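Nothing in this text is a laboratory measurement; each read-out follows from the coordinates by a stated rule. Values in this document were obtained by computation on a predicted structure and should not be read as measured data. Methodologically, a virtual Cβ is constructed for each residue, glycine included, from the backbone with ideal geometry; neighbour enumeration extends over all protein chains shown.
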């Protein structure tokens, strides 16, 4: 495994761990909010906004790690009937298309986060800036782009070796 590949795996793993930590914090906040609402008739101000801001962290920080672990859903009913070399060609096309799409989405999201910072987009009740959370989404997509390219290179290596 090359250094760049190790680095991509390492960053993807660390961001997935960060996403997991955010998920645990979110679950704790929701449990506390529900109990305090039912027992003390008190709710956490901005709990819904905080939930909205945490969700991209949970979803997009772990997406690259999931891909590198082979954890994404694969529907290969037709492809599995083809010869192995043809399957690898389709895998390669899938990785190229995935890298292109995730890069474009990441780029667009990055542009939107810059724009949101410039016009100072904030949440309604807590006045939390939204751009950092949009930036997390862009980072997640860029990591997914790198993961797709890593998987493409590995797929090409396997094809050449066999």
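Order the peptides 26-33, 59-66, 77-84 from the highest to the lowest mean number of other Cβ atoms within 10 Å of their residues.
By packing density, highest mean first, the sequence is 59-66, 26-33, 77-84.
Could you please tell me the mean projected area of the C-alpha convex hull for the chain, averaged over all directions and given in square nanometres to one decimal?
Answer in nm², one decimal: 12.1.
Only Cα pairs under 8 Å and at least 6 apart count here; give the relative contact order of the stretch 1-60 as a rounded whole percent.
Details: 22 pairs, mean separation 23.9, N = 60.
Relative contact order, the stretch 1-60: 40 percent.
Once fully extended, how much extra length lies between residue 86 and residue 5, figured as 0.36 nm per residue of separation less the alpha-carbon to alpha-carbon distance?
26.6 nm
In percent, how large is the relative contact order of the chain, given Cα pairs closer than 8 Å and 6 or more residues apart?
30
Take 86, 20 and order them by how many other Cβ atoms sit within 10 Å, fewest up front. Walk me through the numbers before you get to the answer.
Details: 86 11, 20 15.
Ascending number of Cβ neighbours within 10 Å: 86, 20.
Once label points are set 7 Å from the Cα along Cα→Cβ at both residue 42 and residue 13, what is their separation, rounded to one decimal in nm?
Taking the simple label geometry, residue 42 and residue 13 are separated by 4.2 nm.
Using just the helices of the chain, give the 222 nm mean residue ellipticity in deg cm²/dmol: DSSP H runs with n ≥ 4 each add -39,500 (n - 2.57), and the total is spread over all residues, rounded to 500. Walk me through the numbers before you get to the answer.
Working: 5 runs with 123 residues, N = 162.
Only helices count here, giving -27000 deg cm²/dmol.
If I take R0 = 25 Å and measure r between the Cβ atoms of residue 74 and residue 160 in this structure, what FRET efficiency does the formula 1/(1 + (r/R0)^6) give, to the nearest 0.05?
That gives a FRET efficiency of 0.65.
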